[in-house]
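Below: one structure, written as structure tokens.
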Amino acid sequence: MSLLGNKNYPLHIIYNIWLVLAGILFLLSAVNLYILFAPISKTLAICLTVSLAVYAIGACILSGLFSVGITKKLMTMPEKIHGYGSVIGFFVLLFAPLILSCMLFKMRDVTFAVIALLCFFLAVRSFALFIMADKTRFLGAFIENEGIWQRLCLLFVYLPFTVLSIRQLI
């Protein structure tokens, strides 16, 4: 997905603006989730807030401000900031459904907790396939479609929070 922000792509400005705005929204969401969950478990609320904030800053805001090159080689400082920020943010976000699941078990919302836990495991599996897709031994195999695995990983991470948002609205 990072290549969409490369200067050689026609809609790179829109994509990069979207990333920065998404990061700001994730930061606001992190604060709201802290307010929602701190009365139940301050420790888990802090962990969840930090997870979302690191993702918002690293994989969204910094990635939107500093574009990646055409290749995955991190040659320039902007490419390094984008690459490291994205990797760290993405990896830390991976644990958000697990933290949410722990919070939900603490609240005795077992069904939703199990769904969040399942989403965590599916996200980890998708993330592993995303990492494996980059390896030369998987060239030509279905695994090499790293964009699919990255999007699936994000889907499984976002899904429990989407359900939580809908439940809060209802």
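Side notes on the structure shown:
- Annotation: Lys106 fulfils all but one of (1) within 15 Å of Ala59 (Cβ to Cβ); (2) basic (Lys, Arg); (3) touching a residue at least 60 places away in the same chain (Cβ under 8 Å); the unmet one is (1).
- Number of positions in the range 127-159 that are part of a loop (DSSP other than H, G, I, E, B) and acidic (Asp, Glu): 1
- Residue within the range 112-128 that is surrounded by 18 or more Cβ atoms within 10 Å (Cβ to Cβ) and polar (S, T, N, Q) present: yes
- Residues that are under 30 Å from Phe37 (Cβ atoms) and surrounded by fewer than 18 Cβ atoms within 10 Å (Cβ to Cβ) within the range 132-163 comprise Arg151, Leu152, Leu155, Tyr158, Leu159, Thr162, Val163, listed in sequence order.
- Residue check for Gly147: touching a residue at least 24 places away in the same chain (Cβ under 8 Å) and farther than 27 Å from Met103 by Cα: yes
- Close pairs (7 angstrom Cβ cut-off, 6 or more residues apart or separate chains): closer than 24 Å to Ser51 by Cβ and surrounded by 13 or more Cβ atoms within 10 Å (Cβ to Cβ) in the range 9-31, of a type in the set (Lys, Arg) and modelled with pLDDT of 90 or more anywhere: none
- Looking only at the range 2-38, and only at residues there that are out of contact with any Ser or Thr (no Cβ under 8 Å at 6 or more places or on another chain) and outside any helix (DSSP H, G or I), the one that is modelled with the highest pLDDT: Ala38
- Some residue of the range 55-76 being of a type in the set (Lys, Arg) and either modelled with pLDDT of 95 or more or more than 29 Å from Ile13 (Cβ to Cβ) (or both): no
- For Ser63, the criteria (1) touching a Phe, Trp or Tyr at 6+ places or on another chain (Cβ under 7 Å); (2) surrounded by 21 or more Cβ atoms within 10 Å (Cβ to Cβ) hold in every case but one, which is (1).
The values are calculated or read from the model by the stated rules, or taken from the named source; none is laboratory data. All values reported here derive from a predicted model rather than from experimental measurement. When we count neighbours, we look across all protein chains shown, and the Cβ atoms used for this are built from the backbone with ideal geometry, even at glycine.
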